[in-house]
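Chemist: Take this structure, written in structure tokens, and hold onto it; I'll ask about it next.
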Amino acid sequence: MSSTMPQPEAAPIVACTISRDVQNFDLLIEDMEATLGESWGDLGFAEALTFFGQPEAEAMEFVALAMDETDEDNLVLMSEIITQAKARDIRVILIAEDMTPAALHSLLRQGADEFVPYPLPEGELAQAIARVRAGENAPPAPAADSSTPQLKAGAQKDGALIVVHGLAGGTGATTLAVNLAWELANADKKNPPSVCLLDFDLQYGSVATFLDLQRREAVYEMMSDTESMDEEIFGQALQTFEDKLHVLTAPAEMLPLDIVTNEDIDRILNMARNQFDYVIVDMPSTLVQWSETVLTSAHVYFAMLELDMRSAQNALRFKRALQSEELPFEKLRYVMNRAPKFTDLSAKSRVKRMAESLSISIDVQLPDGGKAVTQANDHGLPLANSAPKSPLRREIAKLASSIHDLKGEQAKAA
């Protein structure tokens, strides 16, 4: 491969890499050759801006902008490359190695179409190229359908923010978040409250799976530029489940948890609270920088655990972490999932000793839902639809009813 653009008699150039030194990205060279053969070239950062003004650039489909941590000092130049490429309808794929989330966030907001980490995962570049090419040939976006809610500009509902956080894997946090949101949406048949469910687990979020919803690219686009987000943009990122529950799924691609900032999360929460009576947030089990923003804004913060040693240890570490940062840990409401039955006195005694040893109060105890939970989640249905007589569903319905009654009493008192 030549480091300069091929002569006109060679195969037409449809793409090029842009980097400080493409030899630093040998896997990128291999994948570009495997996907495009000889129909690509290589440019340096400064050369790219000059090339965009030449006639050869008119045939360009996309560029792969490859960077590592050394290039963060040139963010202004790389932003200009993205801007110039987009001005000429050239798609941009970011290839980044050891770049900070803030730098990536800045470049994605400039209009980059795809992001692929380096070293390149097997087949990931080919998939990104296929997506940008499909985007070039895609028909105009259809008018908003019934699954895209239309939000009211200037609404100020000041909705209640309820957060669910699993203190260990498999504690049922997403199951609680999904079913609590659905029960709240059906809490009042005559005057049903508006409910929005936000999946903030940007990597392994499964709300979309539990409700059989698609993961839309609009979610990532909205999160990557919350400064320009308005009711229309936020509404386009949402979907509705059975015309009652509004859902923001996790993005289609797995993203770093700190690709969004405190300010991004704060804007999303404020937008949701202004539009809906209840906002339910399904959090990742990992603590990140913006966890503080969610905790501070929350009216109730449910911490899910089970009757085992890992949950006990994680609950203690979680509590200590909040106390050390002087965060409002008193908002935590501990929820015991798969709690022992009423007749299991030995296990109930263990629950009591666990709470005493951790100096916490376990406010909610949910029974084991058994296979019905797995079946409901696999079929993309709330328990109320798939197993309405499930003891777990009944307890979650009681919890939703008590939350709705309390909000009604507070509204009357105000």
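Chemist: Is it fair to say L406 is out of contact with any Pro (no Cβ under 8 Å at 6 or more places or on another chain) and either closer than 20 Å to G172 by Cα or in a loop (DSSP other than H, G, I, E, B) (or both)?
Modeler: It is false that L406 is out of contact with any Pro (no Cβ under 8 Å at 6 or more places or on another chain) and either closer than 20 Å to G172 by Cα or in a loop (DSSP other than H, G, I, E, B) (or both).
Chemist: Still on this structure: Looking only at segment 67-102, filter to residues that are assigned to a loop (DSSP other than H, G, I, E, B) and not aliphatic (A, V, I, L, M); which one of those is surrounded by the most Cβ atoms within 10 Å (Cβ to Cβ)?
Modeler: T100
Chemist: Can you name the residue in segment 179-238 that is within 26 Å of A103 (Cα to Cα) and among the aromatic types (F, W, Y) and, of all such residues, is surrounded by the fewest Cβ atoms within 10 Å (Cβ to Cβ)?
Modeler: Ranking the qualifying residues of segment 179-238, first place goes to Y204.
Chemist: Would you pick out the residues in segment 378-403 that are among the aliphatic types (A, V, I, L, M) and in a loop (DSSP other than H, G, I, E, B)?
Modeler: L381, A387
Chemist: Only one residue in A208, A177, A185 is in the same structural domain as E253 (by TED's automatic domain parsing), free of Cβ contacts under 8 Å to residues at least 60 places away in the same chain and under 17 Å from G380 (Cβ atoms), so which one is that?
Modeler: Answer to the selection: A208.
Chemist: Report, ordered by the first and then the second residue, all pairs with beta carbons closer than 9 Å, sequence separation of six or more or different chains, a first member in segment 336-348 that is without any contact (Cβ under 8 Å) to a residue 12 or more places away in the chain, and a second member that is charged (D, E, K, R).
Modeler: Taking only residues 6 or more apart or on different chains, the pairs are F342/K348; K348/K341.
Chemist: Kindly indicate the residue of segment 242-258 that is at pLDDT below 95 and not aliphatic (A, V, I, L, M) and also nearest to A181 (Cα to Cα) among those meeting that condition.
Modeler: This residue is K244.
Chemist: Follow-up question, since we're still on this one. Mind checking which pairs have a first residue in segment 225-242 that is over 27 Å from G380 (Cβ atoms) and a second that is assigned to a helix (DSSP H, G or I), Cβ under 6 Å, 6 or more apart or different chains?
Modeler: D225/R109; T226/D264; T226/R267; M229/M222
Chemist: Take the residues of segment 318-365 that are charged (D, E, K, R) and closer than 23 Å to A177 by Cα: which is surrounded by the fewest Cβ atoms within 10 Å (Cβ to Cβ)?
Modeler: Top of the filtered list is E330.
Chemist: On to the next question. I'm told D158 meets every condition in (1) among the charged types (D, E, K, R); (2) at pLDDT below 85; (3) part of a loop (DSSP other than H, G, I, E, B) except one. Can you identify the failing condition by its number?
Modeler: Going through the list (1) among the charged types (D, E, K, R); (2) at pLDDT below 85; (3) part of a loop (DSSP other than H, G, I, E, B), D158 breaks only (2).
Chemist: Of the residues in segment 32-47, how many are more than 33 Å from the chain's Cα centre (by Cα), surrounded by 17 or more Cβ atoms within 10 Å (Cβ to Cβ) and either touching a residue at least 60 places away in the same chain (Cβ under 8 Å) or over 17 Å from E114 (Cβ atoms) (or both)?
Modeler: 4
Chemist: Go through Q84, Q127 for me and flag whichever is closer than 19 Å to D31 by Cα and either of a type in the set (S, T, N, Q) or not assigned by TED's automatic domain parsing to the domain that holds L49 (or both).
Modeler: Unique residue meeting the criteria: Q127.
Chemist: Which number in (1) part of a helix (DSSP H, G or I); (2) more than 26 Å from the chain's Cα centre (by Cα); (3) surrounded by 17 or more Cβ atoms within 10 Å (Cβ to Cβ) marks the one condition that V373 misses?
Modeler: It is condition (2) that V373 fails.
Chemist: Scanning for something buried (at least 16 other Cβ atoms within 10 Å of the Cβ) and either outside the structural domain of T171 (by TED's automatic domain parsing) or over 28 Å from A321 (Cα atoms) (or both), does segment 277-288 turn up at least one residue?
Modeler: yes
Chemist: Conditions: (1) out of contact with any helix residue (DSSP H, G or I) (no Cβ under 9 Å at 6 or more places or on another chain); (2) modelled with pLDDT of 85 or more; (3) not in a loop (DSSP other than H, G, I, E, B). E56 meets all but one. Number of the miss?
Modeler: The one condition E56 does not meet is (2).
The values are calculated or read from the model by the stated rules, or taken from the named source; none is laboratory data. Since the model is a prediction, treat every value here as computed from it, not as a measurement. Note that we place each Cβ from the backbone using ideal geometry, even for glycine, and neighbour counts take in every protein chain shown.
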